[in-house]
Amino acid sequence: MLEKTKQIFTSWRVILLILFVIGAVWAIQPKLSQEGVIISGIEKNSTAEINGMQANELIEYINDDKIVTPADYNSVISKLQNGSIVKIYTDKNTYSIIAEERDGAIFLGLNTKEAPTSNLKQGLDLVGGIRVILKPNQDITDEQLSDVVTLVEKRLNVYGVTDIIVRPTKDLAGNQYVIVEIAGASREEVAKLVSQQGKFEAKIGNETIFVGGEDIKQVCRSAECSGIDTRSGCGQTKDAWSCRFQFRVDVSPESAQKHADITSKLSVENVEGNQYLSKKLDMYLDEELVDSLYISSDLKGKVSTSFVIQGPGTGRTKEEAINNALLNMKEFQTLLITGSLPVKLDIAKMDIVSPTLGNNFFMSAIMALVVALIAVGIVIFIRYRKLSLALPIFITGLSEIIIILGFAALIRWNLDLAAIAGILAAVGTGVDDQIIITDETLRGGQSHSWKERLKRAFFIIFAAYFTTVVAMAPLWVMGAGLLKGFAMTTIVGVSIGVFVTRPAYAKIVEILLK
């Protein structure tokens, strides 16, 4: 037996399998626990961004307080004072930033999440979030589709959304789509943000003063020049509250001159004791009137590169109206900063997954795969009455799972339910192939050599392999959403099986049954 063990572990096929498993474990980098919280995003124009903090850094200490869990982070942040200097120690550097107060809470400009215990990325089905499939309402070129993807991703980044995936795809009929996946979020306003074309125009009468994009040079997002309009404040009607937001935009000199030329021709009118021009500044978003603002008589014929944009927000309570007004302002600012999309997008499908549904499901699914392998091993043992056959099937099947997960970790592929189903299909196919190898070697008798028996087995295996790849390839190349994840893991899984684990198993069986 010692001699056979030596032959097994000196076989290049088995050595290759071992190297693949070691490489997969290195790529996954599993940990029993992880202390600290991960920075998932940095707010624009925050002191954190100015001081060079980066996403994916691990926060270990804030001042003298050790951060172990997100609860520790929130607890420490809640005790900070507005304007205080905060020392943040990460796994890469030490930073000093200023704590600010926003909406009644301390703000550091950081978006954080729980530190992962491995490099495996979990998809929406496991951590919750939103998946939106967008379809252009007209045929566009591949270059335009690429521009749409870039603009949608930029919008979400400006808006402050993290952990996003935006990618183009096509279905089997050639229809174009854009898939947006936002893990760990459940925000329907994001769907509205990505589907809006965002074509903004400011007009006086029928003449356009400026449009979003090139005409707008800067959009103010700081508290000094954006927020709730304190002059008009919030008002209450019979059963609702209404508030108005405002923020400043700086436009091009050409737009400022156009504004001066048009307003110089307007007359001045008295409205409720105030002097305004005879026409209003009308703001359109996607050709729908958003708001109309009075133009002060002081601006008649004046070349001004700064304008204040206003808009409403309503709610059942004053607090809700303020929050909705600020949310509308943030969406408006995002659209102005990123510009309009080259084409309007329709929401073909939207899935919102609750984080509680996916909680702990990933480890349960992996355990289910291991239990399935154990059950297969038991069945194999009952069928062949040989532990020397059942044990290698279990070991190579488990190795296959580890290698597939390692590949997913290496390319940062999001594992979702479909991907796990693909792993299960690949491992199931592997068990079938191993049974074929076992049957061929056991019933070959003395009439054929080991080489001939294994050649027959691998002819069947490769025929099945190419059939699977041909069936899955269209889904991988053109599939949307779940189809793509299933196809990818299935193809990768069966490829790893055919070229790595099956040859190793065949060599093990050959040595054990000689």
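Residues within the reach of a label modelled at residue 207 (point 7 angstrom out along Cα to beta-carbon, backbone nitrogen below 11 Å), restricted to segment 282-311, are 301. Were the residues from residue 55 through residue 298 laid out at 0.36 nm apart, the gain over their Cα-Cα distance would be 82.8 nm. Excluding same-chain neighbours fewer than eight residues apart, the aspartates and glutamates reachable from residue 66 by a Cα-Cα span under 17 Å are 35, 57, 91, 114. Which shape class, rounded, prolate or oblate, goes with segment 37-117 when its Cα gyration tensor gives a ≥ b ≥ c as root eigenvalues, a/c under 1.5 marks rounded, and past that a/b bigger than b/c marks prolate? Cα axes put segment 37-117 in the rounded bin.
Listed by chain and number, the aspartates and glutamates whose C-alpha is less than 16 Å from the C-alpha of residue 280, apart from same-chain residues fewer than 8 away, are 201, 207, 261, 269, 272, 288, 291, 298. Its residues counted as N, the chain yields a C-alpha radius of gyration over 2.2 N^0.38 Å of 1.30. With 10 angstrom as the radius, rank 411, 309 by how many other C-beta atoms surround their C-beta, starting from the fewest. Listed from fewest to most nearby Cβ atoms, that is 411, 309. The packing ranking of peptides 498-507, 237-246, highest mean first, is 498-507, 237-246, where packing means the average number of other beta carbon atoms within 10 angstrom of each residue. The distance from the alpha carbon centre of segment 41-105 to that of segment 381-421 is 41 Å, rounded to a whole number. Give me the aspartates and glutamates in straight-line cross-link reach of residue 6: C-alpha distance below 18 Å, same-chain residues under 8 apart excluded. Leaving aside aspartates and glutamates fewer than 8 places away in the same chain, those within reach of residue 6 are 510.
Using C-alpha pairs below 8 Å separated by at least 6 residues, the relative contact order for the chain is 18 percent.
Using R0 = 22 Å, the C-beta based FRET efficiency linking residue 305 and residue 274 works out to 0.40. For the pairs 258/344; 92/113; 217/265; 279/300; 217/279, note any where the Cα-Cα span goes beyond 19 Å. As for pairs spanning more than 19 Å Cα to Cα, those are 258/344; 217/265; 217/279. Ranked by the mean number of other Cβ atoms within 10 Å of their residues, highest first, the peptides 115-123, 484-492, 81-89 come out as 484-492, 115-123, 81-89.
We did not get these values from a lab; they are worked out from the coordinates using the rules stated. Note that the coordinates shown come from a computational prediction; the quantities given were computed from them, not determined experimentally. Positions of Cβ are generated from backbone atoms using ideal geometry, with glycine treated the same way; all protein chains shown enter the neighbour counts.
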